[in-house]
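No value in this document is a laboratory result; all are computed from the given coordinates. Keep in mind it's a predicted model, so treat the numbers as computed, not measured. Neighbour counts are summed over all protein chains in view; Cβ atoms, including those assigned to glycine, are modelled from backbone coordinates with ideal geometry.
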C-alpha cells in the first residue's frame, strides 16, 4: 500500500514528466508521440491507484514543503477529486490515442508539451487544497489552452484566440483579487482552514460579497450564464483532439471549483441558492437555444457544453446530498459523452470534408458503424434511457422536485427535449439525408486509417453504455461523494489532522 | 497608509476597466497589466500594512511577532511572474493577429464568428 504522499504526488508527476519528456523529444515526432502516450498511461495508472485508495470513503491529504497544514500547500483527495482525476486520465489517454490517426496536428511539435501542460493544470486544480495554489494551477491550465487554441495559426484561430485570451485573463485576475480579499478577511489560504474561519467572520455582508466574487470568477471558467460568451466565440476554431479535451475538461474545472467552494468554504444561503439556481436555469436555456440556431457541428456541440453546465449547477443550488450526487454523476457522464461527440464530429469531417450540416449527408450509407456510434452519446446527451444521461438527469430532476424547486425540474426536462432536437438535427442532416453535393474526392487525410479513431470512440461509447446499463455502483459512488461534500468536517479533519508528511 | 493604498487600487482598477472596455487591443493589454497590478496591491494591503521590520529570525529568536508579513510578498511574486508570462504571450498573440488580420479593433474581428447573413451567403454560394 502506497503512502498518501506518493498517491497524491503521482497524478501530478505523470503529466509533468510527460511535459518534460515531450519537450526534450522536440525534434523526434514519433518518439515524442510515444513518450506522450506512455505518460498518459502512467497518469491513468496513478488515477486508478488514487481512486482505489479513496473509494471506501477515506480522504487522503498531504502537505508539501515540510510545512504542516495550514501553512504548507495541501493536496487532498476525496471521492469527488479522485473521480475527477481518473476521468481526466481516461480522457487524456483516449484523446491521445485518437490523435495518433489525426494528421492535422501531428506535425506540430508544440502539441504534446502543451497537451500535457493542460492535463497538469487540470489535475492540479482538482487536487489542491489551497486556494492560491488553485489560482496557480488555473494559470498553468490557461496558458496551455491558449497555446493549443492558436496552434494552427490560421486567421480564424488568431481571432478566436484574442477573445478567449482577453476574457479569461480578466476573469482570472478577478479570481486573484477575490483571493486577496478572502485572505484579508481570514488570514489563511488553506481551504480546510478557510472552512473553519469563514463562519466566524461577523460581517455577513462581507461573506456574501466574497462568495459572489468567487462565484463570478468560477462561473466565467465554467461558462455559466451570463459569462459564457468566450466559449462559442473560440472553441469551434480548434482542431478535433484539442476541441475534445477542451470540451471535456476546461469548463468542468470551473464547475468543480464551484462545487468545492460552495460546499466547503461558503455556506449556500437561501439568497445564494436562488442566484445559483437562476443562473443554472438561464444557462441551460440559452445554451440549448444557441445550439438550435446553428448548422455547424462544432458550434452546435459547443453550445451544448454551456447548456449541460447548467444541469451540474442545479445540484449546488439545491444542495441536498442527493442533488449533489446528481451533480457528481452528471459531470462524469458529461465529460465522456461530450468528448465523444466532438471526436465523432472530427470523423464526420474526415469522411465528408465539412462541419457544415448543409453541405454533408448520407453518412448512414457510407459510414454505418459511425452512425451507430453517434447514436449512443447523442441519445445519452439528451437523457434517453437506458444510457448514462438518463440516470444523471434523473438524479438532477428528482431532488429538484423533492426540494420543491419545480421550475428547475421543468426547465431540465424541457431543455432535454430541445437537446434531442439538436441531436436529431445532426442525425438528419449528416447521416440520413442524401448529400446535396457529390462526396468529396478522397484526400490524403481521408485515406489514412480510421482504426485508432474508431477504437477511441467505441471505448467512450462503451463507458456510456456501462454507466447506463449498470448505474448502481456509479450512483452509489456519487452518493458517497456527495456525503463527503455535505459533511465538510471530514474534509477539514483529514487536512488539519493528517500527520505531517513523513516518508 | 491604508486609505492611500485603497484609493490607489481604486484608481488603478478604474483606469484598467476603462482601458479594457476600449476596442483597441493594445489598450486592452495595458488594461490587463494595470488590472494585474491592482490585484497585486490588493494582496499587499490584505496582508496588513504596519511594521516594516524584515521577517528574519536571527540568533536565539524563534518567533517573529512584530515583523512585516512575508506571505503577501511571496504571493505577489508568484502573481507577478504569472501575469508577466501571460501578458508576454498576449502581446505575441496580438502581434500575430495584427500581421495576419491587419486589425486592432475587436469589433471588426469577425473571422471566427462571421455575421449571419454573410455566412449564409457564403454557404449558398458554395452550394450553387
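Data for the structure
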quantity	calculated
P(r), alpha carbons of region A:20-109 - 5 Å bins starting at zero, rounded %	3, 13, 16, 16, 15, 13, 11, 8, 4, 1
Crossing angle, helix A:471-486 versus chain A [Cα axis fit, 0-90 degrees, rounded to tens]	40 degrees
Helix axis angle, A:155-186 relative to chain A longest principal axis, alpha carbon, degrees	10 degrees
Chain A: angle of helix A:270-292 to the longest principal axis, Cα-based, in degrees nearest 10	10 degrees
Likely footprinting exposure, A:432, A:137, fewest C-beta neighbours within 10 Å first	A:432, A:137
Theoretical ellipticity at 222 nm over chain A - DSSP helices of four or more residues, -39500 (n - 2.57) apiece, nearest 500	-24000 deg cm²/dmol
Diffusion coefficient, µm² s⁻¹, Stokes-Einstein with Kirkwood Rh over alpha-carbon pairs of region A:332-437 at 25 °C and 0.890 mPa s	167 µm²/s
Calculated log₁₀ intensity ratio I(q)/I(0) where the Debye formula runs over C-alpha points of region A:287-332, q = 0.22, 0.24, 0.29, 0.33 Å⁻¹	-0.68, -0.73, -0.87, -1.01
Rounded if a/c under 1.5, otherwise prolate or oblate - region A:1-72, Cα gyration tensor axes	oblate
Rounded if a/c under 1.5, otherwise prolate or oblate - region A:228-324, Cα gyration tensor axes	prolate
Residue exposure sequence - A:164, A:115, A:183 - by fewest surrounding Cβ within 10 Å	A:183, A:164, A:115
Size of region A:168-214 as Cα extents on the principal axes (Å, biggest first)	32, 22, 14
Average projected area [Cα convex hull, chain A], square nanometres	21.6 nm²
Hull shadow area, averaged, region B:1-118 [alpha-carbon convex hull, nm²]	10.1 nm²
Label-point separation, residue A:472 to residue A:458 (7 Å along Cα→Cβ), nm	2.9 nm
Of B:77, B:19, B:53, the one that fluctuates the most in a GNM where chain B has Cα springs shorter than 10 Å	B:53
Rg/Rg_globular for region A:106-210, with Rg_globular taken as 2.2 N^0.38 Å and Rg from C-alpha atoms	1.35
Cα-Cα pairs of region A:213-277 separated by more than 19 Å (percent)	37 percent
Cβ-derived FRET efficiency at R0 51 Å, residue B:108 paired with residue A:365, nearest 0.05	0.75
Order of A:294, B:102, B:95 - criterion: other Cβ atoms within 10 Å of each residue's Cβ, fewest first	B:102, B:95, A:294
Projected label distance in nm at residue A:487 and residue B:4, using a 7 Å step from Cα toward the beta-carbon	5.3 nm
FRET efficiency, residue A:375 to residue A:289 (Cβ-Cβ, R0 35 Å, nearest 0.05)	0.90
